Each structure stands twice: as structure tokens, then as C-alpha cells.
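Read through the structure below, which is laid out as C-alpha cells, and then see the notes.
The values are calculated or read from the model by the stated rules, or taken from the named source; none is laboratory data. Keep in mind that what you see is a predicted model, and the values were worked out from it rather than measured. Here the Cβ positions follow ideal geometry from the backbone for every residue, glycine too, while neighbour counts run over all protein chains shown. Each accessible area value is taken on the protein alone, full model and side chains, heavy atoms only, with ligands, DNA and RNA left out. Shrake-Rupley method; radii C 1.70, N 1.55, O 1.52, S 1.80 Å.
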Amino acid sequence: MLGQMQNHPLLISSLIDFAARHHGDGQIVSRRVEGDIHRYTWLDVQKRAKQVANALDALGLKVGERVGTLAWNGYRHLELYFGVSGSQRVLHTVNPRLLPEQIAWIVNHAEDQVMCFDTTFLPIVQGIHAHCKTVKHWIALCDEDKLPKDTGIPHLLSYEAWIGKQSSDHSWPQFDENTASSMCYTSGTTGNPKAALYSHRSTVLHAYAAALPDVMGLSARDSALPVVPMFHVNAWGLPYSAAMVGCKLVFPGPAMDGKSVYELMEAEKVTFAAGVPTVWQMLLGHLGANKLRFSTLKRTVIGGSACPPAMIDAFREAYGVDVLHAWGMTEMSPLGTLCTLKEKHKDLPEEQKMSLRLKQGRAIFGVDMKIVGANGEELPWDGKTYGDLLVRGPWILDTYFKGEGGNPLKDGWFPTGDVATIDADGFMQITDRSKDVIKSGGEWISSIDIENVAMAHPAVAMAACIGMPHPKWDERPIVAVTLKPGAELTRDELLKFYEGKVAKWQLPDDVVFVDSIPIGATGKMLKTRLREQLKNYKLPTA
Ligand code: ADP
């Protein structure tokens with residue numbers, strides 16, 4: 001017997017219609033590429049998203065065809081989110097921090113027909129347009145009078161002229177909720193990048209989940225600032241969740257340095273922010289150096305790579321801001337777990353609460369997870385046994401775009417490539433990326449643990465731990481560090497700092513001082529490149 005409820009498809013267009021109808025005067029504030037601040041409302045987003053839909057119709061773009069973006073977090077990007085997907089085309093957010101040849105590869109692979117770009121990225125577009133054969137329309141996200149001249153890009157249009165001609169009347173098409181809505185390529189640290197192709201259904205379900213109290217806890221009383229880029233897994237779904245709850249959205253545009261982000265937070269009374277640890281490092285640096293405080297910020301979601309304990313401490317103790325540690329991946333839309341405590345943890349001593357907060361957290365309803373051993377056997381949730389982390393659920397990848405890489409699933413579960421423990425309360429903790437784990441004498445050493453200790457030293461700005469070949473132990477850990485400006489530290493001082501903080505056999509064998517640690521296109525440490533840089537390095541113990 002079937003249920004007898006209405007069968008409305010879960011569509012992205014319904015999110016913007018809802019925001020416009022129920023939170024029409026809710027504000028969207030953006031710092032523009034030009035440096036000025038732009039303000040308007042959810043109602044304006046809806047009108048202009050409909051103009052985008054009409055403009056795509058006018059170009060003759062077919063259902064399912066891809067529209068690329070090379071853009072910062074800003075209002076025009078937001079309009080494309082709703083206008084492109086809402087009209088049944090697929091939004092392809094391209095990461096502008098990739099190398100131009102990687103961008104061209106991705107655009108060709110996705111077969112983008114239209115490419116909308118912020119003028120900051122004009123040099124990239126000038127370098128690649130001749131190689132992007134499928135792109136028929138290049139659109140600069142600017143006013144007509146700001147359209148760059150003599151660019152060599154054929155038929156370059158300004159976004160404002162492009163949508164300005166169109167009516168803001170458009171009735172969104174209704175279609176199967178499993179239709180593709182947007183796509184995002186993984187950073188491809190191994191082999192060519194592969195794309196996750198999201199659906200309307202997966203996006204709307206993820207938006208519901210992300211807004212839950214134990215996830216991002218978003219409401220109509222929030223002013224939310226996504227520092228995490230809209231070109232990186234849809235800014236963790238924030239644009240969709242924000243429309244769903246009708247919160248205020250604040251976009252930093254290209255200005256992601258500590259000072260600019262701080263000033264915007266204060267000016268726009270931001271209560272909630274989300275980003276990767278490297279960005280928050282800059283923000284905390286700015287606050288510390290100028291003895292500033294947050295007057296409205298209440299909580300921040302930090303994820304994408306392990307959040308150093310020192311950062312959680314700084315936010316909580318020094319600034320009274322709650323840090324929610326989150327874990328996810330491109331293939332998971334991206335949210336998988338978030339770390340919030342349970343009722344029974346309320347009265348725990350602060351130290352024990354802290355050790356829970358360091359974990360990546362509990363699964364969100366919709367994400368089923370397990371850890372398995374080498375033969376696929378399920379491992380116990382005891383907080384100690386570690387294994388490969390597998391996930392499944394309605395916003396988790398089934399197959400990559402164009403079937404690239406074959407069937408990634410193992411008996412219906414997606415292997416995350418992460419190694420983790422899960423405790424009896426369901427708190428998952430990432431030990432490492434499986435490719436970064438250090439295998440020493442048959443035991444595993446977590447590179448994250450080693451990095452966290454170094455990061456807690458007051459002189460250290462950043463730390464990366466990698467394994468080095470060792471004749472007896474197979475691999476031994478070393479830690480590469482950069483120091484804070486003006487700070488001094490010797491190898492022996494840092495090694496001494498480790499004593500008592502990790503088991504003896506896990507102590508790094510050496511400290512290497514470097515000028516910088518390579519950061520990839522999504523703000524994470526690029527250990528592959530660090531390994532290349534240190535390829536002539538020899539362990540003192542080898
Ligand atoms: P990539 O393309 O680099 O995999 P993702 O953003 O999809 O980009 O990265 C997902 C990976 O990032 C996860 O599998 C995990 O290894 C790492 N990661 C994400 N969040 C965390 C976290 N909170 N702690 C540790 N690692 C994390």
C-alpha cells in the first residue's frame with residue numbers, strides 16, 4: 001500500500017522561492033571584486049536567478065548542459081546557483097586556484113557550454129579560452145561599464161548586460177528530483193580529477209540536514225558568513241541551507257585575509273562562520289596581533305582538514321566562540337559528521353570535553369558509517385580500534401561523472417580513504433588519510449597527532465608530518481614546521497616539547513624547518529609536494 005501524501009519533487013528552485021516568499025527582505029551582503037559592499041535581499045536573488053534562467057533559455061542551452069563558474073563567494077554566484085540548477089541545467093563550480101591547464105582539463109571534461117567568471121580571473125580565462133572548445137559563451141561577472149576591453153576572448157559579455165535584457169518572470173520547470181543539479185571536481189591529488197555530480201534531491205536533503213541544531217544549527221536569526229568557497233563543494237551547502245532557513249548571508253568576495261574577514265564580521269554582525277583551518281589561522285593571527293575581540297560571532301564550523309586543538313582552544317577560551325569540528329568530502333556533498341556533545345557529557349570535566357571536541361564527531365542522520373579491517377570485516381566502536389572508514393547515504397556519491405574510475409563502492413559503501421576510530425557514543429575520529437598514515441615497524445602513527453603537538457607550541461605557525469623511508473622500521477615520522485614571524489625554536493626544543501605528549505615510539509625522528517608548507521587549491525596541506533621538496537632528505541636515524 002502506498003502512502004497518500006503529495007508527491008512534490010525536492011527541487012533547488014523551491015529553496016529560492018521559499019526564501020523570497022517568507023524572508024523576502026532578508027539581506028545578502030557581498031564584498032565585490034571592486035572592493036565595495038553590495039546589499040540586496042532574498043527577493044532580489046530570486047528575481048535575478050529567474051533572469052539567469054531566461055538568459056540561458058535565450059542562449060538555447062539545453063536541459064542538463066553545464067554552466068561553469070570561476071568565481072568568489074558573492075551575490076552573482078548565488079544567483080547562478082539557483083538560476084542554473086533551477087532551470088534544469090547543471091552548475092559546475094570550478095576551483096580557480098587550480099593550475100590553468102588543470103582548469104582547462106576540467107572544463108573540457110565537464111563540457112561546459114557557458115563560463116561565468118569574476119574579473120579577477122580574467123588572466124586565467126585569457127590563457128585557457130582557446131583550449132576550451134565546448135564553451136560558446138564567456139560571461140564576465142561585472143557591470144557593463146566594468147567589462148574588460150581588448151581581452152582576445154570572443155564575444156565576451158558582461159553579466160549585467162546578459163541578464164539585464166531578460167524578464168524576471170520565469171516559472172521554474174518541475175522535474176524528477178533525481179535530476180543532476182551541480183557538480184564539483186575532487187582535487188585529484190592522485191590521478192586526474194573526478195567529479196561528483198549532485199542531484200536536486202541530494203542537495204535539498206543535505207540542506208535540511210546541515211541546518212539541524214547538532215549540525216550547523218542555522219536559523220532565521222543568524223547572519224552567516226561562508227568563508228569556505230562556493231567553488232569548493234558548494235560552500236558546504238550553506239547557500240542552500242541559508243535559503244531554507246532564511247538567514248542573512250554575508251559573502252567575503254576575494255578578500256579572505258584576517259583583517260578583511262574580521263571587519264566584515266563585525267560590520268554585518270555575523271553570528272556564524274564556516275571555513276578550513278588555514279583561513280582561521282589568519283583570522284586569529286589578526287585578532288591576536290591587534291588585541292581585537294568578536295562582538296557577535298557565536299560559533300564557527302571548522303573542517304576540511306583536522307582542526308588543531310590550539311585553534312579550538314583559542315576560539316573557545318580567548319574569544320568565547322564555539323568551534324564545531326566537521327568532517328566530510330566532495331563525494332559527500334560534503335557533510336558527514338559534526339562534533340557536538342551529548343546531554344550526558346554536560347558535566348564532564350573541561351579536559352574530557354575538549355578531547356571529545358577534537359574528534360571529527362557524530363554522523364548526521366542520513367550518513368551511515370562503519371570502520372573495516374583489511375578483509376572488509378567490521379571493527380568495533382571502542383574508540384581505539386582503527387580501520388578504513390566507509391559511508392553510505394542519500395547525499396553520498398554512487399558513481400563519478402561519466403563513470404570515471406569504474407564502480408567506487410564496496411558492497412554499497414563508499415570508501416572515504418580515511419582511517420578512523422569510532423567510540424561507543426558514535427564519535428568518529430580521523431587518524432589519517434590512508435595515504436598519509438606512517439607505517440612504522442608494523443604499527444601505524446597518525447600524522448595528525450604529530451602535527452597537533454607541534455601546532456600547540458607557541459613558536460610554530462604550521463606543521464606537517466610525513467613518513468620517511470627507514471631501513472629497519474619501514475617508515476619513520478618527521479615534522480616539517482614553519483615558525484611564527486620573529487619566533488625562534490631549535491630542533492631539540494621542539495623534540496623535547498613532544499615528550500609525554502605522544503608515545504616514545506611515535507616521537508618524530510627529526511624536525512625540518514621550512515619557509516612554507518605547500519597548500520593545495522582547497523586550502524589543505526599538500527603533502528605530496530612536501531614529499532617532493534624533501535626527496536633528497538635523509539633521516540639522521542636511517
Ligand atoms: P579532496 O579532493 O582533497 O579529497 P575534499 O574536500 O573532498 O577534497 O577532502 C576530503 C578529505 O579531507 C577527507 O576525506 C579527509 O581526509 C579530509 N578531511 C575533511 N575534514 C576533515 C577533518 N575535520 N579532519 C581531518 N580530515 C578531514
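Here the range 138-151 is the region considered, the condition is being open to solvent by less than 60 Å² (accessible area, probe 1.4 Å) and either part of a loop (DSSP other than H, G, I, E, B) or at pLDDT below 95 (or both), and the residue that is farthest from TYR75 (Cα to Cα) is THR151.
Here's the yes/no breakdown for (1) within 16 Å of the ligand (Cβ to nearest atom); (2) among the aromatic types (Phe, Trp, Tyr); (3) surrounded by fewer than 19 Cβ atoms within 10 Å (Cβ to Cβ); (4) not in a loop (DSSP other than H, G, I, E, B):
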site	(1), (2), (3), (4)
ARG362	yes, no, no, yes
LYS370	yes, no, yes, yes
GLY376	no, no, yes, no
PRO380	no, no, yes, no
THR385	no, no, yes, no
LEU390	yes, no, no, yes
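Scanning the range 510-527 for residues that are open to solvent by less than 60 Å² (accessible area, probe 1.4 Å) and not hydrophobic (A, V, I, L, M, F, W, C), we see that the one that is farthest from ILE103 (Cα to Cα) is ASP510. Is at least one residue of the range 323-341 open to solvent by 30 Å² or more (accessible area, probe 1.4 Å) and of a type in the set (D, E, K, R)? No; the residues of the range 323-341 include none that is open to solvent by 30 Å² or more (accessible area, probe 1.4 Å) and of a type in the set (D, E, K, R).
Kindly establish whether ILE128 is open to solvent by less than 30 Å² (accessible area, probe 1.4 Å), closer than 26 Å to HIS38 by Cα and not acidic (Asp, Glu). The answer is no for ILE128. Of all residues assigned to the range 345-359, at least one qualifies as being within 12 Å of the ligand (Cβ to nearest atom) and in a helix (DSSP H, G or I). Only residues that are surrounded by 17 or more Cβ atoms within 10 Å (Cβ to Cβ), assigned to a loop (DSSP other than H, G, I, E, B) and away from the ligand (no atom under 11 Å from the Cβ) were counted across the range 294-320, and they come to 2. Restricting attention to the range 182-213 and to residues that are away from the ligand (no atom under 16 Å from the Cβ) and part of a loop (DSSP other than H, G, I, E, B), the residue that is most open to solvent (accessible area, probe 1.4 Å) turns out to be PRO213.
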